[in-house]
Amino acid sequence: MATCSRSGDWCGTSVLPCQDMSQGTSQAFGPSTRSLHRLGVVCGIAAGAWLGAAEVPTKLVGSGLSPFLVSLGMVAGVFVARWTVPMILKGTGYVFRDIREKPHLIVWAILAGSLWAVANTLTIFAIRDVGLSIAFPLWNTNSLIGLLWGWLLFGELSGSRQRYRVLGGAAAITAGAWVLAYASSVHSGGSASRVGIGITAALGAGMLWGTMYIPYRKAYLSGMNPLSFVTVFTFGELGSMLALAAALDGGFQHLASELVSARSALFWLFLGGFCWVLGDLFQQFAAKYIGLGRGIPLSNTNQLWGLAWGALVFGEMAGKDTVARTLIICGSIVMAAGAWVVSSAEAPDSERARWRGAVERECLRYGLRRDRLIASLEGRETLEISKQNRSRRNAFDLALVLGAIAIFVWLATTARRQPVAISPIPMAILTAATLALLVVGGLLLWQRTRFS
C-alpha cells in the first residue's frame, strides 16, 4: 500500500510530495479558482432547470399509473441516457479507462444509484399526494443534508468566514420548507392522511438524496470524471428500482403487465429520465468545482422551476385559496433566496486548504497520484491519453447512440397524449429557457474543462 509522510514520501506514483495541510493553497489550486466558481454556479443553475423539467412527466401518476411504474419508466430512461451522453462527449475508451484506474469507486457509484432509486420513488408518492409545486421544495431539504456531510467528511466551510452566509442560507431553506409543509397540510384539499404521507415521502427523498452526494464528492476528490461516475451509477439505479417494483408492486409478472398496458405513456417517462440525466450531470460538475455545500443548494433552484411547471403548465394553484397560494409562493422564494446565499459564498483559501486535506486522505488511502487529483479539481484532464485516442469513436460508441435513438423512436411511435391538462404557451416558454441553459452551460464546460 502506498504511504506518505510529511518528510516528503511520495503519494502512490505521484511526482509531488505530500505537504503540510496548514500551508496555503497556491500549490494545490491554481489561480483559476474564481473562474471555476463561476462555472460551478452556472452549472448549478442549469442543473436546477433540467432537474425541474425532469419531474414533469411524473404528473402522469395522476392518470392512474402506479408510482413504482412511473419511477421504473424514468429509471429506464436514465439508464439509456447515462450510457449515451458520456459516450458522445468522451467515448467508451475514455470512460472505461477512467473506471479501471479507480476501481474502488465502483461500489460507491452503485450505492449512490441505489439511494437515488429509492428517493425517486418516494418523490412519485409525494407528487401524487401533495402536488409538484409543494413536493419540490420539501425534498430540496437535501441541500441541508449535503451541507452537513460536506462539513463533517470533506472539510467544507471549516475555518471559513463564509460559513455564516452558508448557515444563514440553510436556515432560510429550512424555514421555507416548513412554510410549504404548513400550506400543504392546512390548506390542501386532500385528506390529512394522504397529505401526511406526501410530506413524509418528500422529506424522506430529501434525506436520501442528501446522503447520496457523499459518493459524488468522494469520486471527484479521487479524480474520477463525472461522466465516468454516472455510467457506473446507473447499475445501482436500475437494479434497485427493479427490486423495489418486484417486491412492493406485485412481482415481475404484474410489473410486466403494467408495462404493456402503460406503453403509450412510456415515451414521456423515458424523456423525463433523459432530462434528469442532463440536470444531474450539471449538478455533478457543480458539486465537483464548488463543493456539496454550495453546488447542491444552487441546483435546488429546481424548486422554482417545479413551481413554474406545476402552477403555470398544470394549473396546480387553481384549486387553492389565496392564503395557500401566498404561503406556497413565499415559502419557495425564501428557500430559493437561502440557496442563492449559500451558493454565492465562494470558498476562500482557508477552506480550500481543507479540501486539499481531503485530497491527501484519498491519496493515502488508495495510492492515487496527488498531482492528478489536484489537476482534476482544477478542471484539467488527468488521463494520459493521446490526442488521437481522445477524439476517436469506435463501433461500440456508434452502436450505443444508434440503440438509444432506436429506443426513443420506437417508444415515440406508440406514445399518446395523456389525460393531463396543460397550458401550451407557458410550457413552450419554459422549454425554450431550459434548452437555452443547456447550450450556455454546455459551451462553458467545454471551453473551460473539456468536460473533465
Exercise for review: Would you point out the residue of region 305-319, among those that are outside any helix (DSSP H, G or I) and open to solvent by 40 Å² or more (accessible area, probe 1.4 Å), that is modelled with the lowest pLDDT?
Suggested key: G319
Exercise for review: Kindly establish whether M241 is out of contact with any Cys (no Cβ under 7 Å at 6 or more places or on another chain), modelled with pLDDT of 75 or more, open to solvent by 40 Å² or more (accessible area, probe 1.4 Å) and outside any loop (DSSP other than H, G, I, E, B).
Suggested key: no
Review point. Restricting attention to region 244-302, which residues are of a type in the set (F, W, Y) and under 25 Å from L39 (Cα atoms)?
Key: F274, W276, F282, F285, Y289
**Study point:** Contacts under 7 angstrom Cβ, first residue in region 101-129 being under 24 Å from N225 (Cα atoms), partner basic (K, R) and assigned to a helix (DSSP H, G or I), 6 or more apart
**Key:** W108/K218
Check your understanding: Does V401 meet the test of being of a type outside the set (S, T, N, Q), closer than 24 Å to L269 by Cβ, at pLDDT below 80 and surrounded by 12 or more Cβ atoms within 10 Å (Cβ to Cβ)?
Key -> no
Point to revise | Hits in region 86-107 (condition: among the aliphatic types (A, V, I, L, M) and surrounded by fewer than 22 Cβ atoms within 10 Å (Cβ to Cβ)) | key: I88, L89, I99, I106, V107
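Quick grid of which residues meet (1) over 23 Å from the mean Cα position of the chain (by Cα); (2) of a type in the set (F, W, Y); (3) farther than 30 Å from L377 by Cβ:
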site	(1), (2), (3)
A247	yes, no, yes
L255	yes, no, yes
V260	yes, no, yes
L266	no, no, yes
G272	no, no, yes
F282	no, yes, no
F285	no, yes, no
L292	no, no, no
P297	no, no, no
**Study point:** Near pairs, Cβ below 9 angstrom, 6+ apart or cross-chain, from region 213-239 (farther than 14 Å from Y94 by Cβ) to any residue that is charged (D, E, K, R) and not in a helix (DSSP H, G or I)
**Key:** R217/E156; A219/K102; S222/K102
Check your understanding: When only residues in region 149-181 that are open to solvent by 10 Å² or more (accessible area, probe 1.4 Å) and of a type in the set (D, E, K, R) count, which is modelled with the lowest pLDDT?
Key -> R161
Review point. Can you tell me which residues in region 337-354 are under 15 Å from S299 (Cα atoms) and outside any loop (DSSP other than H, G, I, E, B)?
Key: A337, G338, A339, W340, V341, V342, S343
Review point. If you check S66 against the conditions, is it over 29 Å from M317 (Cα atoms), of a type in the set (S, T, N, Q) and either over 18 Å from the mean Cα position of the chain (by Cα) or open to solvent by 20 Å² or more (accessible area, probe 1.4 Å) (or both)?
Key: no
Exercise for review: Please indicate, with yes or no, whether at least one residue in region 218-233 is open to solvent by 10 Å² or more (accessible area, probe 1.4 Å) and either on the phi > 0 side of the Ramachandran plot or not in a helix (DSSP H, G or I) (or both).
Suggested key: no
Revision key, fill the gap. Subset of region 272-304, residues open to solvent by less than 10 Å² (accessible area, probe 1.4 Å), farther than 13 Å from R82 by Cβ, among the aliphatic types (A, V, I, L, M) and out of contact with any His (no Cβ under 6 Å at 6 or more places or on another chain), comes to A286, A287, L292, I296, L298
Check your understanding: Does V334 fit the bill of being among the β-branched types (V, I, T), in a helix (DSSP H, G or I), open to solvent by less than 10 Å² (accessible area, probe 1.4 Å) and modelled with pLDDT of 75 or more?
Key -> no
Review point. Can you spot a residue in region 130-148 that is surrounded by fewer than 21 Cβ atoms within 10 Å (Cβ to Cβ) and either without any contact (Cβ under 8 Å) to a residue 60 or more places away in the chain or of a type in the set (F, W, Y) (or both)?
Key: no
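The values are calculated or read from the model by the stated rules, or taken from the named source; none is laboratory data. These numbers were taken from a predicted model, which means no experiment stands behind them. Positions of Cβ are generated from backbone atoms using ideal geometry, with glycine treated the same way; all protein chains shown enter the neighbour counts. Calculation scope for accessible area: heavy atoms of the full protein, side chains included, ligands and nucleic acids excluded. Shrake-Rupley method; radii C 1.70, N 1.55, O 1.52, S 1.80 Å.
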